[in-house]
Amino acid sequence: MNKMSFLSDYFPFHQKTLNLVIASIMIALVCVATIFFQIPIAVTGGYFNVGEAIIYISALVFGPIIGGLAGGIGAALADAMSPYFIFAPGTLVIKFCEGFIIGFIVYRVHLLEWKKWKIYSIYIIAVVTGGIIMVIGYFIYEAFILALGIPFALVEIPFNLTQLLIGALFAIPASIAIQETYPIKEFPSKKID
């Protein structure tokens with residue numbers, strides 16, 4: 001049995017330029033999508049955005065490393081270039097973790113031989129898990145690091161959950177369509193029934 005390593009699966013030496021280009025494009029797309037549509041949340045000083053969908057697509061299609069980099073750097077750049085710059089350090093860590101976890105869950109189950117309903121199930125589990133990490137991360141960041149307090153941080157939870165839902169509704173079907181049309185990431189050939 002050929003044991004595959006995590007880094008060589010997602011950053012094979014012969015494709016490092018391609019992966020760097022893909023990561024750069026996804027970082028830019030997350031940044032633009034995050035800046036493009038912002039609804040301020042006055043209580044916490046944060047905002048609702050649609051960049052979540054691009055983070056999910058990055059992680060589901062390209063894996064944990066590109067998903068994490070696109071989420072963390074792309075969303076943090078958007079925060080840094082907007083009136084919400086105070087969120088940039090937290091966003092870098094929170095969105096990196098979100099994208100990485102989503103991509104890692106999908107990576108671990110190797111979806112190559114799965115039927116479509118199983119792919120949807122794993123994608124939903126991965127996105128909800130990563131999204132919950134995002135919600136908890138921003139709660140902790142706002143309540144304790146920015147010292148806004150728990151009541152203020154609680155106000156943003158429904159907005160973050162809405163971002164998760166809207167991002168998932170767009171990203172999961174889009175990611176499956178991308179993979180069916182052009183299988184960008186080949187998973188190990190282990191069959192799962």
**Phi-based couplings in Hz for the range 21-32 (Karplus 6.51, -1.76, 1.60; Gly and Pro marked x)** = 5, 4, 4, 5, 5, 5, 4, 5, 5, 4, 4, 5
**Complete:** Counting sequence-distant residues (5 or more places) and residues on other chains, those with an amide H built under 5 Å from that of GLY46 are ILE41
**Item:** Least to most buried among CYS31, CYS97 (fewest other Cβ within 10 Å first)
**Value:** CYS97, CYS31
**Asked** Using a Gaussian network model of the chain with C-alpha springs under 10 Å, which one of ILE39, ILE172, ILE122 is most mobile by mean-square fluctuation?
**Response** ILE39
**Complete:** Longest principal axis of the chain (C-alpha) makes with the long axis of helix 51-62 (C-alpha) an angle, in degrees to the nearest 10, of 20 degrees
**Asked** Exposure proxy check: TYR138, TYR84 ranked by fewest other beta carbons within 10 Å?
**Response** TYR84, TYR138
**Complete:** Ordered by fewest other Cβ atoms within 10 Å, a rough proxy for footprinting exposure, GLU142, GLU156 read GLU156, GLU142
**Item:** Point-charge dipole on Cβ atoms (K/R +1, D/E -1) for the range 15-181, about Cα centre, debye to 20
**Value:** 400 debye
**Asked** Using the Karplus equation 6.51 cos²θ - 1.76 cosθ + 1.60 (θ = phi - 60°), what ³J(HN,Hα) coupling, rounded to whole Hz, does each residue of the range 129-142 give in order, writing x for Gly and Pro?
**Response** 4, x, x, 5, 4, 5, 4, 5, x, 5, 4, 5, 4, 6
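Read-outs: derived from the displayed coordinates by stated rules, not from any lab. Note that the structure is predicted; figures quoted are calculated from it, not measured. Because the Cβ atoms are built from the backbone with ideal geometry, glycine has one as well, and the counts that use them run over all protein chains shown.
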